[in-house]
1. Which is of a type outside the set (D, E, K, R), crowded, with 23+ Cβ neighbours inside 10 Å and in the same structural domain as R123 (by TED's automatic domain parsing), of G59, G43, G25?
2. I'm checking my understanding of the structure. Among residues of the stretch 36-66 that are of a type in the set (D, E) and under 27 Å from K176 (Cα atoms), which one is modelled with the highest pLDDT?
3. Give me the pairs, please: first residue somewhere in the stretch 60-78 and under 21 Å from R123 (Cβ atoms) and of a type in the set (F, W, Y), second residue anywhere and in a helix (DSSP H, G or I) and modelled with pLDDT under 90, beta-carbon distance under 9 Å, and either six or more positions apart or on two chains.
4. With the requirement that a residue be among the small types (G, A, S) and either surrounded by 18 or more Cβ atoms within 10 Å (Cβ to Cβ) or out of contact with any Phe, Trp or Tyr (no Cβ under 9 Å at 6 or more places or on another chain) (or both), what does the stretch 5-22 give you?
5. So which residues in the stretch 111-170 are touching a residue at least 40 places away in the same chain (Cβ under 8 Å), in a loop (DSSP other than H, G, I, E, B) and aliphatic (A, V, I, L, M), if there are any at all?
6. Kindly indicate whether any position in the stretch 135-154 is in contact with a Phe, Trp or Tyr (Cβ under 8 Å, 6 or more places away or on another chain), surrounded by fewer than 15 Cβ atoms within 10 Å (Cβ to Cβ), assigned by TED's automatic domain parsing to the domain that holds E11 and closer than 27 Å to D51 by Cα.
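The values are calculated or read from the model by the stated rules, or taken from the named source; none is laboratory data. This is a predicted model, so every value here is computed, not measured. Heads up, the Cβs are rebuilt from the backbone with ideal geometry, glycines too, and the neighbour counts pull from every protein chain shown.
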Amino acid sequence: MRSVNYMLDIETLSSGQNALVTSIGAVEFRLDPPFDDEQWNLGRTFKVNVDVNSAQNEGFQISATTVMWWLQQSREAVAAMLERPTPILVRSAFEALANFLTRDRAGTVKPLVWGNGENFDNRVMREGYDLLNMRCPWHYRSDRDMRTFMEIAHRRGIFVEVPRNPLEHDALEDAKVQARRMIAAERQTVGSKVYDTKARCDCHVCNGGPRQDGRCCFIARGGF
């Protein structure tokens, strides 16, 4: 089964357990060369906004602190979270994400779901699926952390500049920016001498042989 990378970003009305998710954005992306200067190796996109009342009725929680924070954001950012696109029922939103990640590909791919941090976007969505008594569409082993990825790149001397999202806190646009940062870092890595095509790798896949595709097989195969 082939692995496919997805960047996930959400907006919420809480940062605690069972946080009420108001907007879900995701973009498919590719870390492997060749690198596309126009499309940035980005693929299909996804965005839904969630009807707040339906989420509250299902037990999702709202934090006064988070609501007060949103009141300080721009009108455009709030509209991107609550109005554009028109909100749908929370169950429909979570089901739509599951369809985007898995069913659109008829079960032929394993989604690797990246979040900006190991303990928010992915965790909140997983809690949401549990609260709704729905199956999370990706395995916990497929959780991926963008911040760790970028920290490793920084330690290798790789720093990237990617144009910021002109409308911050739009879930889909934030997901695109985060994916572009990873792609830009990986492009520099592949173009440098970080990966040696003749290097040996002792992992259980390479078993002492050359690294897969001239890259660490852990990354090339999406982890194991």
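1. On the way: G59 fails: crowded, with 23+ Cβ neighbours inside 10 Å; G43 fails: crowded, with 23+ Cβ neighbours inside 10 Å.
Within the list G59, G43, G25, the selection yields G25.
2. Of the stretch 36-66, the ones of a type in the set (D, E) are 36-38, 51, 58.
From the residues that got through so far, the ones that are under 27 Å from K176 (Cα atoms) too are 36-38, 51.
Details: D36: 69, D37: 66, E38: 62, D51: 96.
Filtering first and then ranking leaves D51.
3. W70/A77; W70/V78; W70/M81
4. Going through the stretch 5-22, the residues among the small types (G, A, S) turn out to be 14-16, 19.
Across the stretch 5-22, the qualifying residues are S14, G16, A19.
5. L132, M134, L167
6. So far as the stretch 135-154 goes, yes, one or more of its residues are in contact with a Phe, Trp or Tyr (Cβ under 8 Å, 6 or more places away or on another chain), surrounded by fewer than 15 Cβ atoms within 10 Å (Cβ to Cβ), assigned by TED's automatic domain parsing to the domain that holds E11 and closer than 27 Å to D51 by Cα.
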